[in-house]
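Encoded as structure tokens, the structure appears first; notes follow it.
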Amino acid sequence: MDEKYSQLWQKLSAALKPQVSPDTFKRWFSAVKLVSATDETFTFRVPNNIYQFWIESNHMAALQAAIVAAFGSPRDVKFVTASDSASKAEPEELPEISPKEFVRESARDGKQSGPALGLNPRNNFESFVVGPNNEIAHAASLAVAKTPARTYNPLFIYGGVGLGKTHLMQAIGQYVGINKKGAKVMYLSSEVFINEFIDAIQHNNLVKFRKRYRQADLLLIDDIQFLGGKERSQEEFFHTFNTLFDGHKQIVLSSDRPPSEIANLEHRLVSRFEWGLTAELQPPDVETRMAILRKKAHTLQIKLRDEIFDFLATRIRTNVRRLEGALMRVASFASLSGKELTNEVVEHLLKDILQEEARHSVTIEQIQRRVAEHFDVRLADMTSKRRPANIAFPRQIAMYLARELTKASLNEIGDAFGGRDHGTVLHACKLVKRRMQEQDNIRQTISFIDSALQR
Amino acid sequence: MKFSATKEKLLEGLQQVQNVVSTRTTLPILSNVLLQAKGNEVHLTTTDLDVGVRGAFEASVEKEGATTLPARRLFTIIRELPSSEVSVEVDGKNAASIRSGQSFFKILGLPEEEFPPLPKFENAKNVTIPQKTLRDGLRKTSYAISTDETRYVLNGLLFSFKDNKLTLVATDGRRLAMVDIELEFPRSHEADIIVPTKAVTELGRLLTDDGEVKVSVGSGQIAFELNNTLLVSKLIEGNYPNYKQVIPTETKERVTLERETFLNSLRRVSLLASDKSNSIKLNFTKNNIDITANTPEVGEAKESLPVAYKGRDFSIAFNPEFFMAPLRALTEDEVFLDLIDEMSPGVLKISTPFLYVLMPMRISS
């Protein structure tokens with residue numbers, strides 16, 4: 001492998017030489033080594049951080065130009081500082097800090113190290129598989145992690161279960177924790193926030209509660225949708241939000257739906273959430289699912305045939321967590337039984353999961369989205385209080401479909417449609433049924449949406 | 001606590017310490033100044049937990065004691081007082097009554113005990129430097145300190161004590177400023193420490209042309225004692241990069257420039273350097289430099305300067321702001337600019353140990 005990289009580096013050096021002066025090349029690039037190269041990223045090892053600082057500040061354009069000249073397309077360039085064992089013999093006056101030491105150091109002196117914060121060290125940016133479904137969210141998260149409170153504030157990430165919201169948030173937290181010493185990172189779910197708030201009211205120490213949250217340099221709150229309907233918590237959070245925002249501290253929030261669709265959330269909060277960047281995570285496409293499986297298999301050191309990966313990636317579509325679970329199940333079966341894995345065996349093994357996938361349960365949110373799309377009304381209108389006929393009727397159709405296609409109760413459906421009464425939902429269902437009998441075109445429309453949802 | 005003092009003395013004392021008080025603070029006590037009346041002096045202390053300053057002013061103390069008062073508010077009140085005699089009296093609940101002429105103010109403070117004490121220095125290594133020398137050194141280097149928070153080791157000034165020399169270094173990755181100060185100290189005092197920007201700025205404010213400053217380096221912290229004032233600061237943890245790597249070893253051409261004339265020319269020409277490329281070009285020909293700048297769709301500027309130059313003809317481009325910063329900070333009449341070629345860094349020198357390395361910008365020809 002080393003040989004391959006040194007060949008690549010030679011090719012790159014040849015392209016780089018005409019770009020910079022001989023003195024610059026000798027001074028800065030002669031000690032540089034290429035240690036890893038993919039289609040996206042080149043990682044260079046440099047003897048110490050002055051090389052990184054100086055090359056990044058002054059010679060990046062030349063280096064990128066050389067990469068394009070040598071390999072045809074640009075790459076991300078990363079630098080690592082040589083660790084003691086592998087460092088090239090470069091006379092060194094100051095001992096350098098290797099990245100590893102950095103981590104250990106910040107873990108020791110700060111309470112903000114990964115595990116102590118409830119951050120899973122496996123949830124970092126390196127282990128996140130980027131595909132077209134999540135690249136915006138990933139890029140935004142990376143930008144936020146690199147320059148907190150400068151780019152997108154607040155960052156609002158939303159998407160369905162098991163698509164990587166928590167992964168991204170924890171990755172931001174860890175990146176900042178490692179790279180910004182002394183930065184106070186807080187990661188919690190909105191439920192913890194609410195519970196602590198209630199506790200603070202009970203024991204009359206709101207001041208302490210406020211102090212705790214308002215001192216954070218980076219506040220990450222997961223599943224913010226649970227704040228819906230909790231009025232005093234919302235008010236408290238509103239003030240926390242403002243304090244942090246005004247103090248130029250980064251805020252990152254995640255939810256299972258966009259801010260405007262969180263039921264019973266105050267408008268001033270909705271508008272604040274939409275202030276920075278809202279990024280959606282969508283279910284991964286088949287290529288991304290393959291990439292996820294391979295990455296996971298690689299880290300867990302599972303070896304499976306390509307067909308099995310293929311089978312899993314095509315059959316399990318909706319949820320990354322489930323995908324990983326299926327992989328684990330297949331792998332553990334293989335290692336325990338020692339049997340050859342075929343598609344049939346895997347199919348049998350994952351019977352329950354596959355059935356579930358096939359049924360492809362429809363959520364109220366999907367119904368709302370599809371109906372809104374079909375009638376060309378805004379998704380927010382599904383939950384709004386406005387009721388001109390051109391909005392009210394699609395909404396009633398959506399309620400009817402929710403009643404037919406989900407197991408949700410009348411009350412739950414009412415809540416999902418902007419806190420409506422169960423009677424309203426019942427009325428909508430009856431009305432839609434009657435009009436379906438009366439008018440052919442309505443029946444056709446509804447069956448069209450229905451089949452689109454079932455697919 | 002009760003004391004009276006002249007408005008000028010009180011104001012002067014507050015001015016020395018109030019810059020440390022940060023406007024945006026999470027601990028209310030940190031926006032306060034600690035006042036301690038004792039003997040015929042009142043001591044003032046402020047801190048933001050990273051940097052702390054302690055000063056004093058003369059006063060006639062009637063009743064000794066201590067309290068803390070909001071620093072900014074106190075300062076604005078004292079500044080506006082009508083008479084030059086001010087008396088301050090603090091009751092048991094830390095409420096201060098300020099009387100001057102016809103005015104009366106009452107401001108509420110916080111108890112002394114809540115104020116975080118300045119760190120203690122034990123087993124510190126002490127060095128004494130003439131204030132003028134250090135002030136000069138700071139002025140020549142501090143403008144090059146990086147503000148990029150991701151490179152936090154560069155967010156301060158390197159104080160390198162070595163071989164009976166104190167070397168001050170600042171760099172932001174595009175330029176580097178360095179000053180050597182001759183100094184006597186035992187070998188055991190040799191160390192490399194990084195003093196954060198805020199402390200450097202405050203120190204620059206406090207230093208005067210006379211007297212000496214006593215520098216004490218403890219573990220993770222540093223103190224400067226001067227003119228009855230004490231400045232303490234945490235140090236930036238980590239190792240400063242090996243800056244010597246940046247300094248070109250041999251240069252080819254040298255031009256001697258009249259600092260002020262050159263600075264004025266640069267300033268004029270840079271008016272037409274675009275925000276985007278933000279570069280000015282120096283064209284060297286025999287005994288002449290043409291300084292040019294142009295912005296597409298705006299216009300261009302050119303100025304010629306006669307200089308003693310006998311090298312080959314060539315052009316090099318620099319960021320004008322980065323070039324002007326050291327020229328502003330220096331006081332010498334003549335500066336030397338050493339160059340290699342259009343892609344290698346330029347080096348600015350003077351007759352005393354000072355060095356400024358500046359990366360050229362790429363010329364798109």
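The values are calculated or read from the model by the stated rules, or taken from the named source; none is laboratory data. What you see is a predicted model, and the numbers here were worked out from it, not measured in a lab. Neighbour counts are summed over all protein chains in view; Cβ atoms, including those assigned to glycine, are modelled from backbone coordinates with ideal geometry.
So the values come out like this:
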| read-out | value |
| --- | --- |
| Where a residue in the range B:335-360 is within 14 Å of another protein chain (Cβ to nearest Cβ) and its partner, wherever it lies, is among the basic types (Lys, Arg), with Cβ under 6 Å and at least six apart | B:Asp338/B:Arg254; B:Ile340/B:Lys252; B:Leu358/B:Arg175; B:Met359/B:Arg174 |
| Restricting the range B:344-358 to residues that are touching a helix residue (DSSP H, G or I) at 6+ places or on another chain (Cβ under 7 Å) and hydroxyl-bearing (Ser, Thr, Tyr), the residue that is nearest to A:Phe29 (Cα to Cα) | B:Ser344 |
| Cβ-Cβ under 9 Å pairs, at least 6 apart or on other chains, the range A:425-451 side farther than 12 Å from A:Phe393 by Cα and among the acidic types (Asp, Glu), far side modelled with pLDDT under 85 and surrounded by 11 or more Cβ atoms within 10 Å (Cβ to Cβ) | A:Asp450/A:Glu404; A:Asp450/A:Leu405 |
| Search result, residues across the range A:175-192 that are buried (at least 17 other Cβ atoms within 10 Å of the Cβ), without any contact (Cβ under 8 Å) to a residue 60 or more places away in the chain and more than 13 Å from every other protein chain (Cβ to nearest Cβ) | A:Ser189, A:Ser190 |
| Meets criteria (of a type outside the set (D, E, K, R), touching a Lys or Arg at 6+ places or on another chain (Cβ under 9 Å) and at pLDDT below 85) for A:Gln215 | yes |
| Hits in the range B:147-193 - residues which are over 26 Å from A:Thr147 (Cα atoms), among the hydroxyl-bearing types (Ser, Thr, Tyr) and at pLDDT 90 or above | B:Ser160, B:Thr167 |
| Search result, residues across the range A:130-165 that are assigned to a helix (DSSP H, G or I) and under 25 Å from A:Gly182 (Cβ atoms) | A:Ala140, A:Ser141, A:Leu142, A:Ala143, A:Val144, A:Ala145, A:Lys146 |
| Output for the range B:38-66, where each listed residue is hydrophobic (A, V, I, L, M, F, W, C), part of a strand (DSSP E or B) and either buried (at least 24 other Cβ atoms within 10 Å of the Cβ) or under 30 Å from the mean Cα position of the chain (by Cα) (or both) | B:Val42, B:Leu44, B:Val51, B:Val53, B:Ala56, B:Phe57 |
| Hits in the range A:241-257 - residues which are surrounded by fewer than 21 Cβ atoms within 10 Å (Cβ to Cβ) and either closer than 12 Å to A:Leu269 by Cα or in contact with a His (Cβ under 9 Å, 6 or more places away or on another chain) (or both) | A:Asn242 |
| Test: residue in the range A:31-46 that is in a helix (DSSP H, G or I), in contact with a Ser or Thr (Cβ under 7 Å, 6 or more places away or on another chain) and at pLDDT below 85 | no |
| So A:Val32, is it of a type in the set (A, V, I, L, M, F, W, C), over 13 Å from B:Val246 (Cα atoms), facing chain B (nearest Cβ under 10 Å) and surrounded by 21 or more Cβ atoms within 10 Å (Cβ to Cβ) | no |
| Residues (surrounded by 21 or more Cβ atoms within 10 Å (Cβ to Cβ) and either in contact with a Ser or Thr (Cβ under 8 Å, 6 or more places away or on another chain) or more than 14 Å from chain A (Cβ to nearest Cβ) (or both)) located in the range B:175-187 | B:Ala177, B:Met178, B:Val179 |
| Those residues of the range A:212-228 which are closer than 14 Å to A:Ser189 by Cβ and in a helix (DSSP H, G or I), in sequence order | A:Tyr213, A:Ile224, A:Gln225, A:Phe226, A:Leu227 |
